[in-house]
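Notes to accompany the following structure.
The values are calculated or read from the model by the stated rules, or taken from the named source; none is laboratory data. Keep in mind the model is a prediction, meaning the values are calculated, not measured. Here Cβ is always computed from backbone atoms with ideal geometry, including for glycine, and neighbour counts include all displayed protein chains. Accessible surface areas use protein heavy atoms only, side chains included; no ligands, DNA or RNA. Shrake-Rupley method; radii C 1.70, N 1.55, O 1.52, S 1.80 Å.
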Amino acid sequence: MTIAIKHSLSLRKITKSYGVIPVLKGIDVEVAEGEFVVLLGPSGCGKSTLLHAIAGLHPIDSGEIVIEGRDVTDVPTRERDVAMVFQSYALYPNMTVAQNIGFPLRMRKLSREVIAQQVADVARLLQIEPLLERKPRELSGGQRQRVAIGRALVRDPKIFLFDEPLSNLDATLRVETRAEIKRLHERIGKTMVYVTHDQIEAMTLATRIVVMNKGDIQQIGTPYEIYHKPANTFVARFVGSPAMQFIHGRLLKDGGVVRFTDGKDWTLTLPFQNLVADPTAEVILGVRPEHIKLVSPDQDGHEALVDLVESTGPEDNVTLSVNGQKATARLETGSTKSGQTVKVQIATDKVSLFDAVSGKRLN
């Protein structure tokens, strides 16, 4: 028996242009009830425009925005039952924390008793009870962002929208507030759509990620799928730090086995049964840094010269020259030093292959 998935949000063929410049080019996304969907991409890719369109802050040129089965494409923002958290917090400086959180309820003309109870419940959930009588100027950036989240939370909307809410915080506060947002989602189970250009935020928060570039969707998938099975070279390059290494070459059929070669007298035997070897077509081999490992001199592998060692604390990012190709490996701290010749193996079952013309994934 097939169980129907209830969608909180449906975006259908959404287009938007500013003058002659297209910003959104026919966006299709279905968000299931209770999902945490992250819109990820570089600056100018259209992710914030799409979020603002969902909120009703920007009209779209064509397409449909449907929230819980209701077409809200032309419905005013206040009637869409969504709540937005901005990166700038947007708190009222002359109000206390309690007044800021309770403001949407006062606009609904609820009683003081109901407002006080709901503000107290939200403050307890976000662990900001000691801050209720303070003004925004007396708060840290992380505390202000929690108040902004509380103001959205108290409305009990159908969908929460987050527009790069952590970008104004320092590194430590970003980690702490990110964890709080994740815990909040796990506790309340509400649908959330979150915009960021930070891949760590996307990977740690999302149940699914929508990778965007130049107004188009490049891939929709779980964090695992986006990282380990990138749909094209853009996603492969954009997600991951250090980035995936690309080596241009061709596939050869050798005794029933497919091998990759870049024409420099070395090959990799690939374990993918569905590959069709075409020596006339150029392909791109994609290798993640963690898929290159050191082996002892007497083991099979490829000789590599260590060009640069960058320590990150728990591990080193090591730039290698392998048969004339540059590659970055993620290795145990102190395992290599610059100028050293080592032997490495590539985890061929983990590599990605892309068509060199279209950039699309082949395996």
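State which residue is least open to solvent (accessible area, probe 1.4 Å) when the search covers only region 304-363 and only residues that are part of a loop (DSSP other than H, G, I, E, B) and in contact with a Pro (Cβ under 7 Å, 6 or more places away or on another chain).
Restricting attention to region 304-363, the residues satisfying the condition of being part of a loop (DSSP other than H, G, I, E, B) are 312-314, 323-324, 333-340, 347-351, 356-359, 362-363.
If we keep only those that are in contact with a Pro (Cβ under 7 Å, 6 or more places away or on another chain) as well, we get 333, 348-349.
Values: T333: 64, T348: 32, D349: 88 Å².
For region 304-363, the residue satisfying everything is T348.
The residues of region 187-212 that are out of contact with any strand residue (DSSP E or B) (no Cβ under 6 Å at 6 or more places or on another chain), under 18 Å from E225 (Cβ atoms) and open to solvent by 30 Å² or more (accessible area, probe 1.4 Å), listed by number, are Q199, I200, M203, T204. For L173, the criteria (1) buried (at least 21 other Cβ atoms within 10 Å of the Cβ); (2) free of Cβ contacts under 8 Å to residues at least 40 places away in the same chain; (3) out of contact with any Pro (no Cβ under 9 Å at 6 or more places or on another chain) hold in every case but one, which is (1).
Evaluation of K6 against the conditions (1) under 30 Å from M107 (Cα atoms); (2) in contact (Cβ under 8 Å) with a residue 12 or more places away in the chain; (3) out of contact with any Pro (no Cβ under 6 Å at 6 or more places or on another chain); (4) not aliphatic (A, V, I, L, M) shows that the sole unmet condition is (1). If you go through region 235-261 and keep only what is under 32 Å from the mean Cα position of the chain (by Cα) and either of a type in the set (D, E, K, R) or open to solvent by 60 Å² or more (accessible area, probe 1.4 Å) (or both), you end up with R237, S241, H248, R250. Considering only residues in region 8-48 that are under 21 Å from D198 (Cβ atoms) and charged (D, E, K, R), the one that is surrounded by the most Cβ atoms within 10 Å (Cβ to Cβ) turns out to be K47.
Scanning for something of a type outside the set (A, V, I, L, M, F, W, C), surrounded by 15 or more Cβ atoms within 10 Å (Cβ to Cβ) and at pLDDT 95 or above, does region 85-98 turn up at least one residue? Checking region 85-98: at least one residue is of a type outside the set (A, V, I, L, M, F, W, C), surrounded by 15 or more Cβ atoms within 10 Å (Cβ to Cβ) and at pLDDT 95 or above.
Please go through region 51-66 and pick out each residue that is within 16 Å of P165 (Cβ to Cβ) and open to solvent by less than 30 Å² (accessible area, probe 1.4 Å). The answer is L51, I54, A55.
If you scan region 156-208, which residues turn out to be farther than 23 Å from E33 by Cα and part of a loop (DSSP other than H, G, I, E, B)?
Once the filter is applied, which keeps residues that are farther than 23 Å from E33 by Cα and part of a loop (DSSP other than H, G, I, E, B), region 156-208 yields L166, S167, N168, L169, D170, H197, D198.
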